[in-house]
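Below: the structure, in structure tokens.
Readers should treat all values here as calculations from the given coordinates under stated rules, not as data from a laboratory. A quick note: this is a predicted structure, and the numbers were derived from the prediction, not measured. Cβ coordinates were reconstructed from backbone atoms using ideal geometry, including for glycine residues, and neighbour counts include every protein chain displayed.
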Amino acid sequence: MGIKERKLRNKQLLKDSIILAAKKIATEHDWNAVTMRKIADKIEYTAPIIYEYFADKDELLQEIRREGYQKLLAKYQKAVASFDSPTDILTQIGVAYLDFAWENPQLYQLMYCYDRSTIGIKGLENIIDQIRATIKNALIKALANTSDSTLTSSELADNIDILRSMLHGTITLSMMGALQGDQTRARSLAIKGVQDLVSYWMK
């Protein structure tokens, strides 16, 4: 390995360690507790080094969100590739969303519960568009032979957000301990909700 390649590898390794340290702090406390100085202390570097990789905390968290959306998209794509029936695909997309949230609770909270009013979805537009397109295509296929087959893009977007809102509400209530029963019951309720929505749309 040449000097240039070694430098690039070491730079990537340090960037990865910064991201990993931020995740560990969030797991130990929460995302509000993540600061550049705490990250620097955790990886035993000075704070200015962190700023060579990320301009500020918002940029760092956005990079972690991107990783989360990529993981979620991969789960959706697997669901689409594993099932033939459009209704099954929609149900499995819902299951994939649930599994992602419970397998990655801190990451899920950063993506969907943490305040990002200062940065919005800057830099994440492409991956978010891919996620929505995956759900939209599955929905279009499911509605192909129904009275809703001519829904406008706006109406399809509404249906996608209804589906996401139902899933997010169930997950959030479960994570907060505000839903009766355990995670198994929350999962059953969410899946039933997806299936009921799909059945309604298929009428």
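Values for this structure:
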| read-out | value |
| --- | --- |
| Residues Ile3, Ile119, Ile171 arranged by fewest to most Cβ contacts within 10 Å | Ile3, Ile119, Ile171 |
| Mean Cβ count within 10 Å, highest first, over the residues of peptides 89-96, 182-189, 62-69 | 89-96, 62-69, 182-189 |
| For segment 1-54, the spread of Cα positions along each principal axis, largest first, Å | 41, 19, 17 |
| GNM result for the chain, Cα springs below 10 Å: residue of Asn104, Asn137, Asn32 fluctuating most strongly | Asn32 |
| Extension gain from Ile140 to Ala74, taking 0.36 nm per residue of separation minus the Cα-Cα distance | 21.8 nm |
| Förster radius 30 Å - calculated FRET efficiency between Arg185 and Asp88 (Cβ-Cβ, nearest 0.05) | 0.85 |
| Angstrom value of the Kirkwood radius, inverse mean 1/r, which spans all Cα pairs in segment 58-202 | 15.9 Å |
| Residues His29, His168, sorted so that the one with the fewest Cβ neighbours within 10 Å comes first | His29, His168 |
| Cα centroid separation - segment 26-57 against segment 89-138, whole Å | 24 Å |
| Using θ = phi - 60° and Karplus 6.51 cos²θ - 1.76 cosθ + 1.60, couplings along segment 74-87 (whole Hz; Gly, Pro as x) | 4, 5, 4, 5, 5, 4, 5, 6, 8, 10, 9, 6, x, 5 |
| Two-site label geometry, Asp115 and Ile43: point separation in nm, points 7 Å out along Cα→Cβ | 2.6 nm |
| Most positive-pole-ward Cα, Ala186, Leu163, Leu90, against dipole of segment 71-198 from beta carbon charges | Ala186 |
| Cβ charges +1 (Lys, Arg) and -1 (Asp, Glu), total dipole of the chain, debye | 560 debye |
| At R0 = 22 Å, FRET efficiency that the Cβ-Cβ distance of Ala157 and His29 yields, to 0.05 | 0.05 |
| Between helix 3-28 and the chain: long-axis angle, C-alpha atoms, 0 to 90°, nearest 10 | 60 degrees |
